[in-house]
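Okay, structure first, notes after.
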Amino acid sequence: MLHALEQFAPLPLQEDYDNAGLQVGLTETDASGALLCLDVTEEVIDEAVQLGCNLIVSHHPLIFRGLKQVSDANMVQRCVMKAVKNNIAIISMHTNLDNAKGGVNFKIAEKMMLHDIQFLAPKNVMGVESGSGVVGMLPQPMRAADFMKMLKDTFNVACVQANQLLQRDIQRVALCGGAGAFLLDDAIAQGADAFVTGEMHYHDFFGHDQEIQVCVIGHYQSEQFTSEILQSIIKEKCEGVGCYLTKLNTNPIIYL
């Protein structure tokens, strides 16, 4: 299964700071079932145990920085201990899946019904077409207020952080799941009417009124459909392996 996932999103596509790939467990273990999630938590591991799965595939890596000990000192260490105790392997497909063709950003674009989708900041890593973010076209131009409503409905968000509403229609849309502020200038250069992402800093909103519609929908919300990509890969390449989407919402941010 690890081979199938890495065929779709090769590890060399990940960013230098990342730690995608095998997190916990043995590479040769046969999968009794796979639980797919955005984040690995203790509750997610419990869910895998209850389902009889010995594999968890997440988007966000459980182990992002090196561990100096494995104890009960924090959530990451407790998760490692619980996974090992229950013979559960953990694989994470992070920025390699973000940067892959057909990956996270293409799934977001699909949910928004964009067409003519291209990489926003294309790359070529080891001869593999890849890139950061995507840009595409809405089926029809939309007023800014209607665009905001579409985002709220599509991604089930309590609110959208935005700059001043655009006074022209929106049709060309750039996007990046997660923390995508670094691509705002690329979105402007590509002539996008709107830029949608999961996180941006306060000062990134300044200076773009009536230039581009900035829309921030939340990190978890922007990437919540990532497990659907993992599910389609596993169902196609690993026939006979039980594959489950977590029923847990692991977003640590609540809106009051």
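The values are calculated or read from the model by the stated rules, or taken from the named source; none is laboratory data. Everything numeric here is computed off the predicted structure, so don't read it as measured data. Backbone-built Cβ (ideal geometry, glycine too); neighbour counts: all protein chains shown. When the accessible area is computed, the model is the full protein with side chains, heavy atoms only, and any ligands, DNA or RNA have been set aside. Shrake-Rupley method; radii C 1.70, N 1.55, O 1.52, S 1.80 Å.
If the condition is being assigned to a strand (DSSP E or B), touching a Phe, Trp or Tyr at 6+ places or on another chain (Cβ under 9 Å) and open to solvent by 30 Å² or more (accessible area, probe 1.4 Å), then segment 188-207 contributes no residue at all. State whether one or more residues within segment 83-98 are in contact with an Asp or Glu (Cβ under 7 Å, 6 or more places away or on another chain) and over 23 Å from Lys247 (Cα atoms). Yes: segment 83-98 contains one or more residues that are in contact with an Asp or Glu (Cβ under 7 Å, 6 or more places away or on another chain) and over 23 Å from Lys247 (Cα atoms).
Restricting to segment 80-97, give me the number of residues that are outside any loop (DSSP other than H, G, I, E, B) and open to solvent by 20 Å² or more (accessible area, probe 1.4 Å). Don't jump to the end; show me each part of the working.
Filtering segment 80-97 for residues outside any loop (DSSP other than H, G, I, E, B) gives 80-85, 89-92, 95-97.
Still in the running and open to solvent by 20 Å² or more (accessible area, probe 1.4 Å): 81-82, 84-85.
Selection size over segment 80-97: 4.
Remark: pairs (first residue in segment 142-157, in a helix (DSSP H, G or I); second residue acidic (Asp, Glu) and surrounded by fewer than 20 Cβ atoms within 10 Å (Cβ to Cβ); Cβ separation under 9 Å; 6+ apart in sequence or on different chains) = Ala144/Asp169; Phe147/Asp169.
Go through segment 47-79 and give me each residue that's touching a residue at least 60 places away in the same chain (Cβ under 8 Å) and either of a type in the set (Lys, Arg) or not in a loop (DSSP other than H, G, I, E, B) (or both).
Answer for segment 47-79, where residues must be touching a residue at least 60 places away in the same chain (Cβ under 8 Å) and either of a type in the set (Lys, Arg) or not in a loop (DSSP other than H, G, I, E, B) (or both): Glu47, Leu51, Val57.
Can you tell me how many residues in segment 12-24 are hydrophobic (A, V, I, L, M, F, W, C) and open to solvent by 50 Å² or more (accessible area, probe 1.4 Å)? I'd like the intermediate steps shown before the answer.
First pass over segment 12-24, keeping only residues hydrophobic (A, V, I, L, M, F, W, C): 13, 20, 22, 24.
The next check asks that each one be open to solvent by 50 Å² or more (accessible area, probe 1.4 Å); those that pass are 22.
Total meeting the criteria: 1.
β-branched (Val, Ile, Thr), open to solvent by less than 10 Å² (accessible area, probe 1.4 Å) and on the phi < 0 side of the Ramachandran plot, is that true of Val44?
Details: β-branched (Val, Ile, Thr): yes; open to solvent by less than 10 Å² (accessible area, probe 1.4 Å): yes; on the phi < 0 side of the Ramachandran plot: yes.
Yes, satisfied.
Could you please give the count of residues in segment 98-124 that are assigned to a loop (DSSP other than H, G, I, E, B) and over 11 Å from the mean Cα position of the chain (by Cα)?
Applying the first criterion (assigned to a loop (DSSP other than H, G, I, E, B)) to segment 98-124 yields 99, 101-103, 112-114.
Keeping just the survivors that are over 11 Å from the mean Cα position of the chain (by Cα) gives 101-102, 112-114.
The number of residues fulfilling the criteria is 5.
Can you tell me which residue is most open to solvent (accessible area, probe 1.4 Å) among those in segment 211-222 that are under 15 Å from the mean Cα position of the chain (by Cα) and within 15 Å of Ala181 (Cβ to Cβ)? Don't jump to the end; show me each part of the working.
As a first pass, look at segment 211-222 and keep what is under 15 Å from the mean Cα position of the chain (by Cα): 216-222.
The next check asks that each one be within 15 Å of Ala181 (Cβ to Cβ); those that pass are 216-219, 222.
Details: Val216: 8, Ile217: 2, Gly218: 10, His219: 54, Ser222: 5 Å².
Ranking the qualifying residues of segment 211-222, first place goes to His219.
Residue-by-condition table, conditions (1) farther than 15 Å from His59 by Cα; (2) not in a helix (DSSP H, G or I):
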position	(1), (2)
Arg172	yes, yes
Leu183	yes, no
Asp186	yes, no
Ser222	no, no
Glu236	yes, no
Tyr244	no, yes
Ile254	yes, yes
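Within segment 158-170, the set of residues being part of a strand (DSSP E or B) and crowded, with 18+ Cβ neighbours inside 10 Å comprises Ala162, Ile170.
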